[in-house]
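Take a look at the structure below.
None of the figures in this text is laboratory data; all of them are computed from the coordinates on show. Predicted model, so just to flag it, every value in this text is computed and none were measured. We place every Cβ from the backbone using ideal geometry, glycine too, and count neighbours over all the protein chains shown.
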């Protein structure tokens, strides 16, 4: 026992004053009266001190939960055993879901009542469980008796069940019967992103069986599909093309009912188009792809005149576009650094990139050895052919007197060797100078061996050495000759006159004519001849004797790359998994009219290939965080002209581009979930540095903004209170430089509540686990009892009892005082 | 005025009985007769002998009777334990916030004192007091004596959990049109948003009681860890970063990793919160602690533990003679570490081998043995097969496979099936996996193998944010608390799993968690506040006044009796 107001106990000594006041007690009667009165006063003083005793609670509190919501087939009736148990409880509370009508006797059982969803609009079983546990006072044993069909419009049972288990409040369950709908759609779940103009898929699941399901919107029937039914459930995937962007209300009709939902349909896929060779390629591609793509072109891109000045334009064009298309755009036409930027965007940000085109793309477009070459899923292949370029050789032989004897013969030998190297398509001419100049053999095909040999044989030494007019003659002779190389070979002993050689030779060099010099016999070096060779961009040779005749290099056989863009009709095969074709893979694709040769790199997904060569026509692969595609012909050019009759071409192209595009719009990836009465939105930066200048933003359709806080680097969280019974439409995006919101995406946060008759049994409350976790059991098989986890006892006040005792003492006092007493004589006689 | 230990009828019946008894006693008075005595020596004896034996006499001395009756009725009324009638026609719900922010300073004690005072002012039949922390708990049911409140409050203290007042209101305070007005009295700082108030309906009025002399309603925020998050690190696939968010302005948070105390790599403050970044930790599933350096590192607010995500390479054991294509795909996977079966998480074997025992397995079957080229083996026969297969197409990347090519190459239809088995497995034809196998040449092959291993391992994604009161991503898993804090298993019983309060929990697969206390005011409060009324003089309530009056009358009547004024 303890006193709540112990200060009153200080009054107790004053009770002794009654002995003396108003006069001292004498005699037995006075003593008796004093004792009675003092005792009564002591009791009152004790009562004033508020004595209480802690008593253990033998009986607990019972909470009965009655679920009479829509899915229950009948209102629950309390069994007699339950009534008895409730009557024996310390206190009893009733928690009802839906409209519950209790008889008067049952209603009297309960001290408190709490009702949920009396209009039957929902079945918040989780909240009812939480309330049931909450109604059992702290420290008091309790028991929860749950009558339910276990179906709830919200599956938020955890908190209530956890509390019951932690507090040791046994829960006894009784499963009531529930309606079993047949052919009723339960859920409409978008599979991936739904985007206007793109084929989207929704999955419909339901209870029972139905032959088909139909997806409808305000615009009419969007799709219809057969459903597979088994084990009391049906399942169907419907494909449709959302006609409009925005929040689209749809309903699914099945044999047994209707389900409604709102789908978030995203805006057309933004495509940044950089095109060069094909005029109006961006617009044409946009028309080919249809309403599902927003192809944005740079005003200067189509002109093929992108340069450094256009860098800003391109940067704005790229923005946060999830896909960049480089179509027939020569690498050299792009601003400096853009290729590196594109490669970085693909690798780090996950931006999709598709290169397409013909003669201005891939290898022919000059992308070899650029930052994009490694990124592409194809190796550039360019076949080569060896070429021997045509040459015209004019041999100028010094036949002056100084060349007499062996020297002229040596010069003839050198000339012969040089001419022998020429091929039939080459040409050759012979000029001799001996004070004057003369064409010993005019320029003619090198195949005229006999004529040329005769001309050489006719040469003989004599006369002066005047070389300049001879070279001039050769220059004019070569003017009208059409060969790849034009070469003049001067054979002399070096004893030539000086003159204005340099201007002539440099003019010849400018016109592609080279002049080489050969010093014949005697000296090994002639500074003059070396100068002539240098000015003529030729070579200097020295032929001291017939044993040291050099090989005069007039030309090098070269290998030339053939154009890798091959024109002609080529059959095409479809390849790849269902993701590329949206179903059956076609087998009769039209031919193409040209393509860029390439080889698929290991790991690349080839979607189209040239039938004969197996070379890829459309291929893609993952590069870092993004997907890169290669379309080896012009999507809207001559290469695909035959496909204009292929009705599925636009869809295929759209699917190919969409697969390569980043699945995310904007710099953040958003995830929204319901958490009780809150909507929690989590924004994760998609790439490093995404949050440096822009922050995530979100607002509801009623323009309520979310306040994001950073909870980790690049991870932001925002919470908003929202009615869990209603779905919430959100626009999510990022802030721009002016802190205004740029919406990147729409989200629908579904209502946490579904019509109870449409609750998936798989999502219902697990009654057996609940009973086991709380130490309860089934009402039908388990004896009812209260939990024993008492941490504090009940408190009982003794003050009323003490007051009653004081009154009784007073009555005794009065009685003794008033009761007639026997006379002394009688008392004496009795003695 | 209401009586708490007597019914109205009982009181009046008792009062009538007392009045009757006293009336009878009043009439017991003897009748005097005149006797003449010769000397006063016999005065006393004469008195005795002349006393009449009359039982009843006429009722006299009504004032004395009234005094006796008053004394007796006061005592009887005190026995009835009267309380003042405070019924104002409304129901009153008192919600005491016992979440982590209430642990700051004297906030909780101030709130409980104000609660007791306020409860005394309300009608006991129409008041309900609940504590709201990680769960709802009644502290005083309607009709219960407020003495119980003090007793029960003694066992209540702030918990390491987020404020749940909004949830409590939505559970207990929604009223329909015909219900009496419910006045909700909030004690504590937990804010309530406008949207929540709107959901309660117009028959509910919410007010916050500010304890006298406290600053609980101010914007004072004591230093506390709000939450802890972790995620992949840029420094490597097997590394993680940890972020801790605090309020209160302290910048001395450290990460305790065994004997190592790490200071944050970066500290950034925005919106009144400070974000600490601890970079480049090994993601190996061990527990680390973040705490304030020095004072204030108490578990409730200044210290939080978190189990780092396990991002080590997947430990795989394989049989020796795998098809070359599969072997190459495994070897080229940087996320795979080859280990002995005893250390493995996943094994790769042929169907029928006992290699790896009961571990999840990537199993190679034969085209003759299995009709389907790909088979998912799952443990539970309760799983919806259609859902399982449908999800497998995406989860395992099977939709990227060129099925026509495989069918052409093998001369068999390529199908996906499911089985129920004792352990999770993914089977595929060994014929597809040789170096020349059609599947092994498919670009999707490494993707499917990698995703299959991931699916088999059952590794959860790294949990980004761990916070008491938020649902765990793996809602169906049962968690066992590690420690003496609670002995009950967290069991979602079909719903989301929400760790109710901070603490260290471990799941079956070794992942997770938990963090800490929430911010004091994460969002704007829409509740109007009022100061707590001055505490009533508890010593002089109605019952005590009656008792004091009774005591006084006892004394007065004693005086009268002793002076012979009371017949």
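I want to verify the translational diffusion coefficient of the stretch A:384-445 in µm²/s; compute it with Stokes-Einstein, Rh as the Kirkwood radius over Cα pairs, at 25 °C and 0.890 mPa s.
On the way: Rh = 12.8 Å.
Stokes-Einstein gives a translational diffusion coefficient of 192 µm²/s.
Please give the peptides A:272-282, A:181-191, A:321-331 ranked by average Cβ packing (other Cβ atoms within 10 Å per residue), highest first, as a rough proxy for protection. Working shown, then result.
Values: A:272-282: 23.1, A:181-191: 19.5, A:321-331: 25.4.
Highest mean packing first, the order is A:321-331, A:272-282, A:181-191.
From the alpha carbon gyration tensor of the stretch A:194-263, can you work out the equivalent ellipsoid semi-axes (sqrt of 5 times each eigenvalue) and give them in Å, largest to smallest? All intermediate terms of the calculation are to be shown ahead of the outcome.
Numbers: eigenvalues 98, 27, 17 Å².
Its equivalent ellipsoid spans semi-axes of 22, 12, 9 Å.
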- Query: What base-10 log of the normalised intensity I(q)/I(0) is obtained for chain A from the Debye formula, alpha carbons as equal point scatterers, at q = 0.08, 0.10 Å⁻¹?
  - Reply: -0.92, -1.11
- Item | When the stretch B:314-457 is reduced to its Cα atoms, the Kirkwood hydrodynamic radius in Å | 15.0 Å
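Over all distinct alpha-carbon pairs, what is the Kirkwood Rh of the stretch A:709-784 in angstrom?
Working: mean 1/r = 0.0581 Å⁻¹.
Radius from the Kirkwood sum: 17.2 Å.
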- Per residue, what volume in Å³ does the convex hull of the Cα atoms of the stretch A:122-191 enclose? 102 Å³
- Report, in deg cm²/dmol and to the nearest 500, the calculated mean residue ellipticity at 222 nm for the protein assembly as shown, where each DSSP H run with n ≥ 4 adds -39500 (n - 2.57) and the sum is divided by the residue count. -7000 deg cm²/dmol
- Note on the structure: Partner shielding of A:131-142, taken as the mean number of other chain Cβ atoms within 10 Å, equals 6
- Expected sort for B:102, B:328 with the fewest Cβ neighbours (10 Å cutoff) up front is B:328, B:102
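Give me the percent of DSSP beta bridges within the protein assembly as shown that run antiparallel, rounded to the nearest 5. Before the final figure, lay out each step's value.
Numbers: 157 of 271 bridges.
Close to 60 percent.
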- Query: For the stretch A:677-749, what are the per-bin percents of Cα-Cα distances with bins 10 Å wide, up to the bin holding the maximum?
  - Reply: 20, 54, 22, 3
- Task: Could you please rank B:61, B:185, A:525, placing first whichever residue has the fewest other Cβ atoms within 10 Å of its Cβ?
- Result: A:525, B:61, B:185
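If you build the convex hull over the alpha carbons only and average its shadow over all orientations, what do you get for the stretch A:391-559? Give it in nm² to one decimal.
In nm², the orientation-averaged hull projection of the stretch A:391-559 is 8.7.
Taking Cα pairs under 8 Å and at least six residues apart, what relative contact order does chain A come out at, in percent?
Details: 1920 pairs, mean separation 122.0, N = 831.
Once divided by the residue count of chain A, the mean separation gives 15 percent.
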- Taking the alpha-carbon centroid of each part, what is the distance from the stretch B:63-136 to the stretch A:468-508 in angstrom? 124 Å
- Message: Please list, short to long, the whole-number percent of alpha-carbon pairs of the stretch A:308-453 in consecutive 5 angstrom bins beginning at zero.
- Response: 2, 8, 13, 13, 9, 5, 3, 4, 5, 7, 8, 8, 7, 5, 3, 1, 0
- Task: Could you work out the Rg to Rh ratio of the stretch A:82-162, with Rh taken as the Kirkwood radius (inverse of the mean 1/r over all Cα pairs)?
- Result: 0.96
- Cα→Cβ-extended label distance, 7 Å offset, between residue B:259 and residue A:612, nm: 7.5 nm
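Return the average number of partner chain Cβ atoms within 10 angstrom of each residue Cβ along peptide B:67-80.
If you average over the peptide's residues, the count of other-chain Cβ atoms is 5.
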- How many nm is it between the label spots at residue B:194 and residue A:14, if each spot is 7 Å from the Cα in line with the beta carbon? 5.9 nm
- Note on the structure: Cα-based Debye curve of the protein assembly as shown sampled at q = 0.04 Å⁻¹ gives log₁₀ I(q)/I(0) of -0.44
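Kindly identify the stretch B:248-298 as rounded, prolate or oblate by the Cα gyration tensor criterion: order the square roots of the eigenvalues as a ≥ b ≥ c, call it rounded if a/c is under 1.5, otherwise compare a/b with b/c, prolate if a/b is larger, else oblate. The partial results should precede the final answer.
Details: a/c = 2.36, a/b = 1.43, b/c = 1.66.
Because a/c hits 1.5 or more and a/b fails to exceed b/c, the stretch B:248-298 counts as oblate.
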- Query: Angle between the Cα long axis of helix A:449-458 and the longest principal axis of chain A, 0 to 90 degrees, nearest 10?
  - Reply: 50 degrees
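Convert 20 °C to kelvin, take the viscosity as 1.002 mPa s, use the Kirkwood radius over C-alpha pairs of the stretch A:603-643 as Rh, and evaluate the Stokes-Einstein diffusion coefficient in µm²/s, rounded to a whole number. It would help to have the intermediate numbers written out before the result.
On the way: Rh = 11.1 Å.
Rounded to a whole number, D works out at 192 µm²/s.
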- Query: Just the Cα atoms of the stretch B:135-235, one point each, no solvent: what log10 I(q)/I(0) does Debye give at q = 0.13, 0.22, 0.24 Å⁻¹?
  - Reply: -0.66, -1.41, -1.46
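Cα-based Rg of the stretch A:330-413 per 2.2 N^0.38 Å, rounded to two decimals? Working shown, then result.
On the way: Rg = 26.7 Å, N = 84, 2.2 N^0.38 = 11.8 Å.
Cα Rg divided by the expected 2.2 N^0.38 Å: 2.26.
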- If you average the sequence gap of Cα pairs under 8 Å that are 6 or more apart and divide by the length of the stretch A:1-102, what percent do you get for the contact order? 31 percent
- Sorted by packing (mean other beta-carbon atoms within 10 Å per residue), highest first, where do A:773-784, A:593-604 land? A:593-604, A:773-784
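Determine the shielding of peptide B:11-24 by partner chains: average, over its residues, the number of Cβ atoms on other chains within 10 angstrom of each Cβ. Walk me through the numbers before you get to the answer.
Working: counts 0, 0, 0, 2, 0, 0, 0, 3, 0, 0, 3, 5, 0, 2.
Taking the mean over all residues of the peptide, I get 1.
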- Query: Over all Cα pairs of the stretch A:614-679, how is the pair count split among 5 Å bins, expressed in % and running from 0 up to the last occupied bin?
  - Reply: 3, 13, 17, 18, 13, 10, 8, 6, 4, 3, 3, 1
